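Engineer: For reference, the structure I am asking about is given below.
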Amino acid sequence: MKKILTFAIAAGAMAVAGFAQAATLDDVRARGYVQCGVSQGLPGFSNADDNGNWTGIDVDFCHGVAAAVFGDSSKVRFTPLSAKQRFTALSSGEIDILSRNTTWTMTRDTQLGLNFAGVNYYDGQGMMVPSSLGVKSATELDGANICTNTGTTTELNITDYFRANNMSFNLVAFEKADEVVAAYDAGRCDVYTTDRSGLAAQRTKLANPSAHTVLPEIISKEPLGPVVRQGDDQWFNIVRWTLNAMINAEELGVTKANVGQMMGSDNPAIKRLLGSEGNFGEELGLSNDWAANIIKAVGNYGESYDANVGPDTPLGLDRGVNALWNKGGILYAAPIR
Ligand SMILES: N[C@@H](CCC(=O)N[C@@H](CS)C(=O)NCC(=O)O)C(=O)O
């Protein structure tokens, strides 16, 4: 009896300490790499070149998680997934993280049993039309043929928008994003609708990108972020704090180039971020230089943004609301403390 009781107390203590559900981190370590679900090709977010090398802000994020776990950002493999396939791949355990322009919604939290670790791009749904149509506003689109992807929030929002504005429309939906681009470019639709960042990305694939106009209306909120399965709080924390570390690093002025030098900083917040003070990494189940390794590999949030989707890239997206909270935006990461 005493033995059973002691065991129960020990098991309880382990559960409280968060060890009882550490399966994903164990699996990732045993496998030797993070399995990251990405899109099938969305420039700036997750896109493979002809040699199969993936780049993008969502790809950087997975390299960041690999750097946090292994101290080596190359220990990651990418699984391209359509919008329709992505949640099953995560729920079934085929991937450890979904890092793929995915909108955080209540249904995805509750019905699908997922956890969004945060937001790495605040977006909204937009519409693009060939400039030759002469359309200046979405309110002129009654009766339009509209191209989009299946299995997305996009389909739902466009239906709401047209209903609310008493307009009819014909939805032409495809599973693969490139099918949407091809159909729109071939003139099968008057309108291409998706997240505005997605429009900026997909527009680069059109025969003549400058011959298209993005309409002024933003018809939804699309907070995009990395997702994990529910039921593994330790893994959820690792993914969430990888994102927080990248955002906090930008706020603290820690960059890919200066992270080594910043290790010697006297600023207590930088010391906690880079592990020269406290046990923040160990408490995640990692080493204390976890965040230093992320920044060495992929830079801070702003560096990854600028390199992949910012004004100097083909997407040309201004920081806008994705600027830090103290620079006029809404990016606000919880502190490492
Ligand atoms: N954020 C929306 C839309 C996501 C989505 O799948 N968008 C399409 C159009 S931008 C896409 O990612 N295409 C790229 C691909 O499937 O590879 C959602 O989470 O439902």
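The values are calculated or read from the model by the stated rules, or taken from the named source; none is laboratory data. Here the structure is a predicted model, which is why all the values come from computation and not from measurement. Here the Cβ is made from the backbone with ideal geometry for all residues, glycine too, and neighbour counts use every protein chain on show. Ligands, DNA and RNA are excluded from the accessible area calculation, which covers all protein heavy atoms including side chains. Shrake-Rupley method; radii C 1.70, N 1.55, O 1.52, S 1.80 Å.
Engineer: Can you report the number of residues in segment 88-108 which are touching a strand residue (DSSP E or B) at 6+ places or on another chain (Cβ under 7 Å) and within 13 Å of the ligand (Cβ to nearest atom)?
Structural biologist: Residues flagged as touching a strand residue (DSSP E or B) at 6+ places or on another chain (Cβ under 7 Å) and within 13 Å of the ligand (Cβ to nearest atom) within segment 88-108 amount to 10.
Engineer: Would you check which residues across segment 180-201 are open to solvent by less than 30 Å² (accessible area, probe 1.4 Å) and within 19 Å of Ser220 (Cα to Cα) and list them?
Structural biologist: Listed by number, the residues that qualify are Val191, Tyr192, Thr193, Thr194, Asp195, Ser197, Gly198, Leu199, Ala200, Ala201.
Engineer: Can you pull out the residues in segment 157-179 that are free of Cβ contacts under 8 Å to residues at least 60 places away in the same chain, more than 10 Å from the ligand (Cβ to nearest atom) and surrounded by 15 or more Cβ atoms within 10 Å (Cβ to Cβ)?
Structural biologist: Tyr161, Phe162, Met167, Phe169, Leu171, Val172, Ala173, listed by residue number.
Engineer: Identify all residues within segment 292-312 that are touching a residue at least 60 places away in the same chain (Cβ under 8 Å) and over 18 Å from the mean Cα position of the chain (by Cα); write none if there are none.
Structural biologist: Answer for segment 292-312, where residues must be touching a residue at least 60 places away in the same chain (Cβ under 8 Å) and over 18 Å from the mean Cα position of the chain (by Cα): Asn293, Lys296.
Engineer: Looking at segment 279-290, which of its residues are closer than 16 Å to Asn237 by Cβ, open to solvent by 40 Å² or more (accessible area, probe 1.4 Å) and not hydrophobic (A, V, I, L, M, F, W, C)?
Structural biologist: Correct list: Asn279, Glu282, Glu283, Ser287.
Engineer: Return the residues of segment 45-71 that are farther than 21 Å from Leu317 by Cα, of a type in the set (A, V, I, L, M) and open to solvent by less than 10 Å² (accessible area, probe 1.4 Å); say none if nothing qualifies.
Structural biologist: Result: Val65, Ala66, Ala67, Ala68.
Engineer: Something else now. Six or more apart or on different chains, Cβ atoms under 8 Å: show the pairs whose first residue is in segment 24-50 and in a loop (DSSP other than H, G, I, E, B) and whose second is at pLDDT below 95.
Structural biologist: Close Cβ pairs satisfying both conditions: Ser39/Ala177; Gln40/Lys176; Gln40/Ala177; Gln40/Asp178; Gly41/Ala177; Gly41/Asp178.
Engineer: Still on this structure, please answer the following. Could you tell me whether Leu224 is under 16 Å from the mean Cα position of the chain (by Cα) and within 30 Å of Arg163 (Cα to Cα)?
Structural biologist: It is true that Leu224 is under 16 Å from the mean Cα position of the chain (by Cα) and within 30 Å of Arg163 (Cα to Cα).
Engineer: Any idea which residue in segment 121-148 is farthest from Gly302 (Cα to Cα), counting only those that are within 12 Å of the ligand (Cβ to nearest atom) and crowded, with 19+ Cβ neighbours inside 10 Å?
Structural biologist: Of everything passing the filter in segment 121-148, Cys147 is farthest from Gly302 (Cα to Cα).
Engineer: So which residues in segment 219-232 are touching a helix residue (DSSP H, G or I) at 6+ places or on another chain (Cβ under 7 Å) and open to solvent by 30 Å² or more (accessible area, probe 1.4 Å)?
Structural biologist: Passing the criteria: Ile219, Arg229.
Engineer: Same structure, new question: If you scan segment 181-208, which residues turn out to be within 15 Å of the ligand (Cβ to nearest atom), free of Cβ contacts under 8 Å to residues at least 60 places away in the same chain and in contact with a helix residue (DSSP H, G or I) (Cβ under 9 Å, 6 or more places away or on another chain)?
Structural biologist: Within segment 181-208, Val181, Tyr184, Cys189, Leu206 meet the criteria.
Engineer: Please verify whether Thr213 is away from the ligand (no atom under 16 Å from the Cβ) and at pLDDT 95 or above, treating the condition exactly as stated.
Structural biologist: Yes, satisfied.
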